Amino acid sequence: MPSISQRSSGLGTENAFVVLAEVSELQRQGKDILSFCIGQPDFPTPENIQQAGIEAIKAGKHGYTPSAGIVEVREAICGYLNQTRGTSFEANDIVVGAGAKPFIMYSILATTDFGKNDEVIYPNPGFPIYESQIKANGAVPVPIQLREARGFSFDPNELNEKITDRTKLIILNSPQNPTGGIVPKKDLQVIVDILKEHPNIWIFSDEIYSQLCYEESFTSLASFPEILDRTIVCDGASKTWAMTGWRLGFAANRALAPVFTKWVTNTESCASQISQWAGVEAFSGDQSGATFMREKFLERRALIVGLLNDVPGVTCLSPGGGFYAWPNVTEACEMIGVKDSEEFRKRLLNETGVAVLADIHFGPRVPGDGQHVRFSYAASNENITAGISRMKDFIIRNKR
Ligand SMILES: Cc1ncc(COP(=O)(O)O)c(C=O)c1O
């Protein structure tokens, strides 16, 4: 048998998919599972966007498109970006692809060279694909710790300390997966001032949860003219418009747009044409579907945070954005005698049918910050109430 490359064997994954396999197996055995694992809205794509997709199919929009995307969707994205970020992007600055995810890889490929010790700074805990893609593309991963005491943001001084003359790219994500933390406005100018001192570093701003920002109005790094030319804004249709399966995302950066376009030509060719036409409606059409979902997430955030804080041994900060809660379960683990959040997660799943992810699925635990699990509250009020009630009973029942 020929060997498999080290690069492929070492590839990371999204452990959400591993836990989902466990959940499916338990469901197959007839167990009643309440799942809080999956990071996608539990709503259908809004009707007007579905209709735009159907019309595209019926109108014969079935072929390849230019790799950067049809001009109509890139113009719609410009309108959306310029309105929500105060930027002045033009259609040629935008490249669309099969989700926001591919642009993580394209950005690493566009800014680092394989095996040259180029460093990429990224958040920990964080979306697991960052570290996986940094390593797979021969760069050096440099995590920056998100701390509970800072509302799951990082200390800008720590960012400054991590920067070396080998740093090529900094990945930031706000609102954040998995913690729901946001980089507070008061830190943004400090961060920009640090970045101004390092004009050779690119910034990847993962803004996929930008429209689900609750504590403060959303501020993009791209709204700071000092760093605009080297900031890659990445966003997409998945979370805001409940379109995860349509696979439509984009990156905006004037200098890198032609480079991203070449990477798309070399990989996906183009995003699905049908999804691009649906995207025109998502980014520029009637927004009542997105507004409705946002209101529901806000309501559920209050519900889940209130309920979690009523569970013995559990404390939960109110997440600034997204649809994730990241409760601290350190004391609960001690109370029931499990060694860590992963054992807690497994017992919670097997003994009560409540499926969550553990902190270690998003990188090594932050020293001194204890044990956490992630709940996605893209779930109904009934399921949230029932799930947390099961968790509470589980802890009370097993208390030593
Ligand atoms: C932080 C973050 N970035 C990017 C993505 C990818 O989204 P998409 O579906 O657009 O590829 C996700 C999806 O979970 C995410 O959480």
Fill in the blank from the handout: Looking across the range 78-104 at residues that are part of a helix (DSSP H, G or I) and within 11 Å of the ligand (Cβ to nearest atom), the single one that is surrounded by the most Cβ atoms within 10 Å (Cβ to Cβ) is Phe103
Fill in the blank from the handout: Those residues of the range 28-77 which are loosely packed, with under 14 Cβ neighbours inside 10 Å and of a type in the set (D, E, K, R) amount to Arg28, Lys31, Asp32, Glu47, Lys58
Practice task
Give me a count of the residues in the range 223-242 that are away from the ligand (no atom under 16 Å from the Cβ) and either in the same structural domain as Tyr377 (by TED's automatic domain parsing) or in contact (Cβ under 8 Å) with a residue 60 or more places away in the chain (or both).
Solution key: 2
Handout entry: Residues satisfying the stated conditions in the range 142-169, i.e. in a strand (DSSP E or B) and of a type in the set (Asp, Glu)
Key = none
Problem - Condition met for Asp187 (surrounded by fewer than 16 Cβ atoms within 10 Å (Cβ to Cβ), part of a helix (DSSP H, G or I) and more than 15 Å from the ligand (Cβ to nearest atom)) - result: no
Completion exercise
Restricted to the range 105-129 and to residues being of a type in the set (Val, Ile, Thr) and within 30 Å of Ile274 (Cα to Cα), the residue nearest to the ligand (Cβ to nearest atom) is Ile129
Exercise for the section: Within the range 145-163, track down each residue that is free of Cβ contacts under 8 Å to residues at least 60 places away in the same chain, surrounded by 17 or more Cβ atoms within 10 Å (Cβ to Cβ) and within 12 Å of Gly181 (Cβ to Cβ). Expected result: Ser153, Phe154
Practice task
Restricting attention to helices (runs of 4 or more DSSP H) lying wholly within the range 243-350, give those where 2 or more residues are within 30 Å of Leu26 (Cβ to Cβ), away from the ligand (no atom under 16 Å from the Cβ) and of a type outside the set (Lys, Arg).
Solution key: 288-308, 330-336
Problem - Pairs where the first residue, in the range 110-123, is closer than 21 Å to Ala252 by Cβ and in the same structural domain as Arg147 (by TED's automatic domain parsing) and the second is modelled with pLDDT under 95 and of a type in the set (Lys, Arg), C-beta under 9 Å, 6+ apart - result: none
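The values are calculated or read from the model by the stated rules, or taken from the named source; none is laboratory data. Note that the coordinates shown come from a computational prediction; the quantities given were computed from them, not determined experimentally. Backbone-built Cβ (ideal geometry, glycine too); neighbour counts: all protein chains shown.
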